[in-house]
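Worksheet for the structure shown next.
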Amino acid sequence: AGWTGRAGRPQAGLQLGWWSSVAPIGANMGSGGEMSMRRGAGGFGSGDLYLLQRLSSESADSAKRNHDMMNLYILPWLATASVFGACGAELVPNLVLSCIFLAYIVFDFIWICLQPQCVPKAPLVLVHHVVTALLILHPVRFPEHGLYTCYDGLVEINTVILTFKRTVRFQHRGAKALVTFLHWSTFIALRMIAYPIFTKIFWDALIEEPGRYSDLEIRMCMFCQLSLLGFNCLFLHLMLTQKGRGGGRSRQAALATAMRAKARRAD
């Protein structure tokens, strides 16, 4: 079991070291927090509500960090193997790389199911993973198309940069600006330009030998390929929308400060 989030959704999952997050909060609550904790046996007050919301936030932040760190361990290798494979210099056989990609997708799917708070818009990411897994099943069953795993895997370069960007806290504006530039340039180049080209190349390979692949197989591959392209467009829209809002974290910080002050007055 886990804590309940702000919108009432259960933040269930594997909470790694949750007490290490709870203890400092309780220790630093001050006199108002102590009164709220003592009152716990007699009723539930605003101070208790703030504590639960703080715990939920801490738990979500920890889940996101753990998930990002896992990706930073795995995805750079997958991205590197995809680059070499796409260039014809395989680090591992393309069939092996396809199987590793499929295993990673399944592993990450289970992780997100257990800790949906580790990613924004978890249902959308899970659907994306299902479509990706269906597509990777094709080169697993037809190894002659393993090269297309490498082509599609190039987008993980952008994923690595995005994960690095939100995990590392940059001290210099120049470094942050450079990583931001790399993120957007690889997103546009790989997800918005190269991906449609790879889709056309994949289509040509599927229909090159009439009767080699069933109509159902071809339709499934193209459905998944076009769906992933649609996801790329949707992710672009979400990033631009989020960027356009601006100041979201500042508003959240202001709200947290106001809640803290209200809790102290109530105590």
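In the list S56, S62, which residue meets the criterion of being modelled with pLDDT under 95, part of a helix (DSSP H, G or I) and in contact with a strand residue (DSSP E or B) (Cβ under 7 Å, 6 or more places away or on another chain)?
On the way: S62 fails: in contact with a strand residue (DSSP E or B) (Cβ under 7 Å, 6 or more places away or on another chain).
Result of the check over S56, S62: S56.
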Quick check on region 94-129: of everything there that is more than 22 Å from Y73 (Cα to Cα) and free of Cβ contacts under 8 Å to residues at least 24 places away in the same chain, which residue is surrounded by the most Cβ atoms within 10 Å (Cβ to Cβ)?
V127
Just checking, does region 214-231 include any residue being over 14 Å from D152 (Cβ atoms) and either buried (at least 17 other Cβ atoms within 10 Å of the Cβ) or touching a strand residue (DSSP E or B) at 6+ places or on another chain (Cβ under 7 Å) (or both)?
no
Somewhere in region 189-197, is a residue free of Cβ contacts under 8 Å to residues at least 24 places away in the same chain and under 21 Å from the mean Cα position of the chain (by Cα)?
yes
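The values are calculated or read from the model by the stated rules, or taken from the named source; none is laboratory data. As the structure is a prediction and not an experimental result, all values here were calculated from the model. Don't worry about glycine lacking a Cβ; one is built from the backbone with ideal geometry, like all the others, and counts go over all protein chains shown.
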